[in-house]
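Notes follow the structure.
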Amino acid sequence: MASNSTPSLAGGRVCIALAAVLWSLSGLFTRILQNPTVLDLHDPQLTPLQIAFFRALFAGLFLLPMLRLRDIRYRPLMPVMVGLFAAMNALFISAIALGTSANAILLQNTAPFFVYLVSVYILGEPADRRSLIALIIGMAGMVVIIGGSGQIGARWDVTLMALGSGLTYGGIILCLRHLRAESSQWLTVQNHLGSAICLGTAVLLCNGVAYWWDWVRTPTIAQLAFLAFFGVVQMGLPYWLFARGLRSIHPQEAGAIILLEPLLNPLWAYLISPETDTPPATTWIGGMLILGALAYRYLPAITPARTDRADYGDRPA
């Protein structure tokens, strides 16, 4: 797994596609831990915070052996990045657990639009017409989805969690851009293990040692084994595949292939809980606008040579 060989162009595309498919399993794995299935992993019921904690922990432990000591360096922005990553994980898993997987993943994918706004209007970077058009279309989709949350029985707080995961994801992208000279392995391990530490510490500070110990002991052995599988397969392994694929294909093309994730994520979750994961019409309409905007932004100028990192170059979710 630690091989430094560069895959072929076709092999790189396969790596990116596999990473997208594995990332798309977050809704499916979360639903398996919530709903009665043949695996019987829904009892005792785990909280979204527990799922986020263990997922990040096991993913970080999987990636840790790939870290080299010479890559470890401290930069003042790193704690901010890790805090944002922890918040994004908690918000994203909570949005999936308490709402529909479609809303969660589509609103999280508004992150590149927030990045564009900050980059142009706060950081003073030059604007480009294609990104501006994508921003307008994508934001229209976001408004449609949020507007649909006003339906009877819908929960505004869950929609805000999903939108918050997109905002924090955007913040992570900006941090990664600023830290682009640092080792990607070091940044990735920091994000996952640091996120687990942040989430566990938050529970400790809010509820005390006794509650925290009970909280950690709550999952059964079978649930812990599944959470380990969840963290490694849905978070750790895709990062390795994505980094490997970027050795041979352009980040612009990788950004387009990664759009498989928001397309597949709601489908997998629906197979486990159709009664929970049947999104309203506004989600379909808004989702098509968001995905269309992202496709418009990432599909052009596909070339086989890698020149720099794309916004999806360090995919955190």
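As a fraction of the 1.4 Å probe accessible area of the chain, surface on carbon and sulfur atoms comes out at 70 percent.
Look at the alpha carbon pairs under 8 Å that are at least 6 residues apart: their mean separation over the length of the chain gives a relative contact order of 39 percent. All alpha carbon pair distances within region 113-191 were sorted into 10 Å bins beginning at 0; the resulting P(r) in whole percents reads 16, 36, 31, 15, 2.
The dipole here belongs to region 1-124: it is taken about the Cα centre, uses +1 on the Cβ of Lys and Arg and -1 on the Cβ of Asp and Glu, and is about 460 debye. Taking Gly11, Gly255, Gly124 as the candidate residues, the one with maximal mean-square fluctuation in a Gaussian network model of the chain, Cα springs under 10 Å, is Gly124.
Which trypsin sites (Lys or Arg not before Pro) does region 33-70 hold that lie in a coil by DSSP with at most 16 other beta carbons within 10 Å?
Arg68
The residues of the chain have, on average, 43 Å² of accessible surface per residue, using a 1.4 Å probe with all protein chains present. Computed over protein heavy atoms with a 1.4 angstrom probe, the accessible surface ordering of Met139, Met78, largest first, is Met139, Met78.
The calculated FRET efficiency for the pair Arg217 and Leu160, based on their C-beta separation and a Förster distance of 35 Å, comes to about 0.65. Considering region 165-223, its Cα convex hull presents a mean projected area of 5.8 nm². Screening the chain for whole DSSP H helices with an alpha carbon extent of at least 27 angstrom along the helix axis and a mean Kyte-Doolittle hydropathy of at least 0.0 yields 78-98, 129-148, 156-178, 184-207. For Leu84, the solvent-accessible surface with a 1.4 Å probe is about 50 Å², rounded to the nearest 10. The radius of gyration of the Cα set in region 1-152, together with its Dmax, comes out at 19.1, 55 angstrom. Sorted largest first by accessible area at a 1.4 angstrom probe radius, with every protein chain in place, the residues Trp156, Trp186 fall in the order Trp156, Trp186. Only alpha carbons enter this Debye calculation for the chain, each as an equal point scatterer, and the log10 of I(q)/I(0) it gives at q = 0.12 Å⁻¹ is -0.80.
Over all alpha-carbon pairs in region 223-294, figure out the percentage whose distance exceeds 21 Å. The share of Cα pairs beyond 21 Å in region 223-294 comes to 46 percent.
The values are calculated or read from the model by the stated rules, or taken from the named source; none is laboratory data. The structure presented is a predicted model; accordingly, all values stated were derived computationally and were not measured. No Cβ is skipped: glycine too gets one built from the backbone with ideal geometry, and neighbour counts run over all protein chains shown. Each accessible area value is taken on the protein alone, full model and side chains, heavy atoms only, with ligands, DNA and RNA left out. Shrake-Rupley method; radii C 1.70, N 1.55, O 1.52, S 1.80 Å.
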